[in-house]
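The values are calculated or read from the model by the stated rules, or taken from the named source; none is laboratory data. Note that this is a predicted model, so its numbers are computed, not measured. Glycine also receives a Cβ, built like all others from the backbone with ideal geometry; neighbour counts cover every protein chain displayed.
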Amino acid sequence: MFTKQHLAYTRKVIPKKRKLNLPLSSLDDFVPVGEATTVHDVVKLFARRGNEFSVYSIDWEQEVVVLIRPVDGVDLKAHPFFREAQRRKAAEVLCVPLEQLQKVASAVADEVAHVQEVFIFNTARCGSTLVTRFVEATSVAQAVSEPDVFSVINMALHRLKRSSQHGQPLPRHGSSTVLSNEESTIALLRNVGILLNYNLVTSDPRHRDVIFYKFRPEVILLGDLMTRAFPSAKTVFLYRDGREVCESICRLYVQESRVLYAVSTWVTQLLGVSLAPDYMRCFGDDPKFSTVHHHGSGLFHLYTFWVGAMQYAADLQKKQPGYFFHAVIYYSALLSDKKKTFSLLMKKLGLKWSPADPGEDTDKIEKASTEDSQAGTLLSAKARKPGEKWTPDVSSRWMWQWEREYFKEVCRHTGNEIPGPDFLLPGTIV
């Protein structure tokens, strides 16, 4: 039974305590406090208080876009991951019915029409968080690391497609209505972007109007729709050798225990099970991978996560070279010289920036280049405290020969488009 909301409402909330928030963001992340307050004129409220709220998620059951207001005085971008900062610091939610979203976005669209979006697509574990920390340290642009709403939209769209392909009944709620055709999906993406831009520009002390959005890897599945929702946006792709990406993710899951890695790998392969969250399984659902050995296992979903993102990046680059990508950066370039690579990235995006420019805070730039960009989060393999310095991983690789062969097998099922985990896209800065 679903509870569609026809009127917007606000409600005080308390974040639930969770060590690691693997599922996508949702209203279930909060404990409601007191009664909800109905908002009869959400456009008027947004004109008055809209800069206080940032888009967090979409509740398809209630058919509302969920925005959060953080506790007073909090900088949500101080945390390496925007979605996590939103969840931890939320004090109030504003839920806007999907059917009212267009008029709310239209009311503030002119105020952010000048904003230049830069979208960072990536394979994970490739330096993309570092880039957002660099950007945020500059005076010319600001950055948001992994706003979850785009992943929420992608996952709902993927589930609809999967249900349709398998002849299953479509869900009886908002996703099947709003995402049933491309035009309404594009409108949703655009309106969500407008509200995010509005909050970010108006809440930023310097009102920086170039905004970098770093997505989770699976959001590249929305690539074609994003070109139509944001035709003037610029795009970046960051990636890394697939073996390094997958091993880095594995190390996080087993907390650097090689013994636990070996046991969990053997058990999941033997039983054909996967602990990967749903959004990591999107690429593995592609029929071309249906005959891969150990289909559905943990390593299967891990390897298809990288291979799928790479294939989509290569396809988008071929189909729309003017849009995908304005810059393509390999992890090794960041590893060898962070500042030089970042300067080249900004130049390729047409942004005039130098750490020596007047108005730049050299201390912030230095901090971004030396600290572990994910320090203090569970996604940092080593730096468990905020502010810890970054050090390169010089330990020996964990992958055995059979894993390397299995990775190549997964790659072969793309039709040799991605011949192996060391594949390089054209135009890559290495």
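Condition check ((1) touching an Asp or Glu at 6+ places or on another chain (Cβ under 7 Å); (2) under 18 Å from Glu244 (Cβ atoms); (3) surrounded by 14 or more Cβ atoms within 10 Å (Cβ to Cβ)) across all residues:
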position: Leu345; (1), (2), (3): no, no, yes
position: Asp363; (1), (2), (3): no, no, no
position: Glu388; (1), (2), (3): yes, no, yes
position: Gln401; (1), (2), (3): no, yes, no
position: Phe407; (1), (2), (3): no, yes, yes
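Does Phe325 meet the test of being touching a Ser or Thr at 6+ places or on another chain (Cβ under 6 Å), farther than 27 Å from Tyr253 by Cα and either surrounded by fewer than 17 Cβ atoms within 10 Å (Cβ to Cβ) or among the hydrophobic types (A, V, I, L, M, F, W, C) (or both)? Yes. Counting only helices (runs of 4 or more DSSP H) that sit completely within the stretch 125-180, those holding 1 or more residues that are within 16 Å of the chain's Cα centre (by Cα) and closer than 26 Å to Val66 by Cα correspond to 128-137, 149-165. A count restricted to the stretch 374-430 and to residues that are within 18 Å of Ser128 (Cβ to Cβ) and outside any loop (DSSP other than H, G, I, E, B) stands at 2.
The numbered conditions (1) within 26 Å of the chain's Cα centre (by Cα); (2) under 21 Å from Tyr331 (Cβ atoms); (3) not small (Gly, Ala, Ser) are all true for Lys385 except (2). Within the stretch 186-207, the residues that satisfy the criterion of being crowded, with 20+ Cβ neighbours inside 10 Å and either among the polar types (S, T, N, Q) or not in a helix (DSSP H, G or I) (or both) are Asn191, Asn197, Asn199.
When Thr362 is tested against (1) under 17 Å from Phe237 (Cα atoms); (2) out of contact with any Ser or Thr (no Cβ under 8 Å at 6 or more places or on another chain); (3) polar (S, T, N, Q), only condition (1) is not met. Residues considered: Pro32, Pro23, Pro80. Of these, the only one that is in contact with a Gly (Cβ under 9 Å, 6 or more places away or on another chain) and either farther than 19 Å from Lys103 by Cα or assigned to a loop (DSSP other than H, G, I, E, B) (or both) is Pro80. Filtering Leu189, Leu195, Leu200 for residues that are touching a residue at least 40 places away in the same chain (Cβ under 8 Å), closer than 28 Å to Pro321 by Cβ and of a type outside the set (Val, Ile, Thr) leaves a single hit, Leu189.
Residue-by-condition table, conditions (1) closer than 24 Å to Leu179 by Cβ; (2) at pLDDT below 95; (3) part of a strand (DSSP E or B); (4) acidic (Asp, Glu):
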residue: Thr3; (1), (2), (3), (4): yes, yes, no, no
residue: Thr10; (1), (2), (3), (4): no, no, yes, no
residue: Arg18; (1), (2), (3), (4): no, yes, no, no
residue: Thr37; (1), (2), (3), (4): no, no, yes, no
residue: Arg49; (1), (2), (3), (4): no, yes, no, no
residue: Glu61; (1), (2), (3), (4): yes, yes, no, yes
residue: Val65; (1), (2), (3), (4): yes, no, yes, no
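Inclusion of Val71 among residues that are surrounded by 21 or more Cβ atoms within 10 Å (Cβ to Cβ) and touching a strand residue (DSSP E or B) at 6+ places or on another chain (Cβ under 7 Å) is not warranted. Scanning the stretch 53-90 for residues that are hydrophobic (A, V, I, L, M, F, W, C) and over 27 Å from Thr3 (Cα atoms) returns Val71, Val74, Leu76, Ala78, Phe81, Phe82, Ala85. In the stretch 236-249, the condition of being surrounded by fewer than 24 Cβ atoms within 10 Å (Cβ to Cβ), among the aromatic types (Phe, Trp, Tyr) and modelled with pLDDT of 95 or more is met by no residue.
If you check Arg88, Arg125 for being in contact (Cβ under 8 Å) with a residue 24 or more places away in the chain and surrounded by 22 or more Cβ atoms within 10 Å (Cβ to Cβ), only one passes: Arg125. Contact map, the stretch 400-421: residues that are free of Cβ contacts under 8 Å to residues at least 60 places away in the same chain paired with residues that are surrounded by 15 or more Cβ atoms within 10 Å (Cβ to Cβ) and of a type in the set (Gly, Ala, Ser), Cβ distance under 7 Å, separation 6+ or inter-chain. Pairs shown: Lys408/Gly420.
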